[in-house]
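Below is one structure, written out as structure tokens, with a few remarks after it.
The values are calculated or read from the model by the stated rules, or taken from the named source; none is laboratory data. Not measured: the values here are computed from a predicted model. Ideal geometry is used to build each Cβ from the backbone, glycine not excepted, and the neighbour counts take in all protein chains shown. Side chains are part of the model used for accessible areas, which takes the heavy atoms of the whole protein and leaves out ligands, DNA and RNA. Shrake-Rupley method; radii C 1.70, N 1.55, O 1.52, S 1.80 Å.
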Amino acid sequence: LFEQWLDDAKKSGILLPESMSVSSCSKEGQPSSRMVLLKEFDEEGFVFYTNYASRKSYELEENSKVALLFHWNVLQRQVRIEGTVSKVSHSQSENYFHRRDRGSQIGAWASKQSQKLTNDNQLKDRFNYYIDKFGPGEIPHPSFWGGWQVKPTYIEFWQGRASRLHDRICFERENLDENKWNQFKLHP
């Protein structure tokens, strides 16, 4: 169902339909949300990539519970996902990194994600430094950059309807070690 809904969003002309909100919590319980791009998904879960030194990665290391939200307003649809997160393998991160465009690869090296800039030119200067450093050759995969996979425990498909009679189709995993799901609907 998720694959079908994402495909519908792509066909609708929505800009970046793979955009999703990732919500995490610090060890103090402070929630934090940010938009990222879904890069892969399958029966095992939903994968996005980031700097492992970012705030979101630190929070995910401290508390593996996470929530995702896709919102496609023009279709009156959203998908809510709750689950646990773990890093993908180094080889999976490396394979994806080398499929990215060159500018994004250099940007991964240049950005000290979530750290304060010392001046307005710092990021551009770091970007130019890595352009010079790597030259025209292959850009190595940085060890501080990779993927996170969200293994869902709960998925809700929300379809807007007239008179607020929205359709909420829910799936809840019975056991994390099994692929057995309970399906039910909720009042809007």
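For the stretch 52-59, 3J(HN,Hα) computed residue by residue from phi via the Karplus equation (6.51, -1.76, 1.60; θ = phi - 60°) reads 6, 9, 6, 4, 4, 5, 4, 5 Hz, glycine and proline entered as x. Using a cut-off of 21 Å between Cα atoms, the listed pairs K56/K87; K87/K112; K10/K87; K87/K116; K65/K151; K39/K151 include K10/K87; K87/K116 as exceeding that distance. Computed 3J(HN,Hα) for the stretch 168-177, one whole-Hz value per residue from the Karplus formula 6.51 cos²θ - 1.76 cosθ + 1.60 where θ = phi - 60°, is 10, 9, 10, 10, 10, 6, 6, 8, 4, 8, glycine and proline marked x. Each Lys and Arg adds +1 at its Cβ and each Asp and Glu adds -1 at its Cβ; summed about the Cα centre, the stretch 4-82 shows a dipole of about 360 debye. Counted over the chain with a bin width of 10 Å, the fraction of Cα pairs per bin, in whole percents, is 8, 30, 33, 20, 7, 2. Once you reduce the stretch 107-121 and the stretch 14-75 to the center of their Cα atoms, the two points are 21 Å from each other. In the stretch 106-166, Rg over Rh equals 1.31, where Rg is the alpha-carbon radius of gyration and Rh the Kirkwood radius from pairwise Cα distances. The magnitude of the dipole of the chain, with charges of +1 and -1 set on the Cβ of Lys/Arg and Asp/Glu and taken from the Cα centre, is near 600 debye. G29 sits among other residues whose Cβ lies under 13 Å from its own Cβ, and their net charge, with Lys and Arg +1 and Asp and Glu -1, is -1. Which Cα, out of N73, P142, Y130, lies furthest along the positive dipole direction of the chain (beta carbon charges, K/R +1, D/E -1)? Comparing the listed Cα positions along the dipole, N73 ranks first. Taking all protein chains as shown and a probe of 1.4 angstrom, D8 keeps an accessible surface of around 50 Å².
Oblate is the label for the stretch 6-102, because the ratio a/c of its alpha-carbon gyration tensor axes (a ≥ b ≥ c) is 1.5 or higher and a/b is not greater than b/c. Across the stretch 147-163, computed HN-Hα scalar couplings (Karplus, 6.51 cos²θ - 1.76 cosθ + 1.60, θ = phi - 60°) run x, 10, 10, 8, 8, x, 10, 8, 9, 10, 9, 10, 10, x, 9, 4, 6 Hz from first to last residue, x flagging Gly and Pro.
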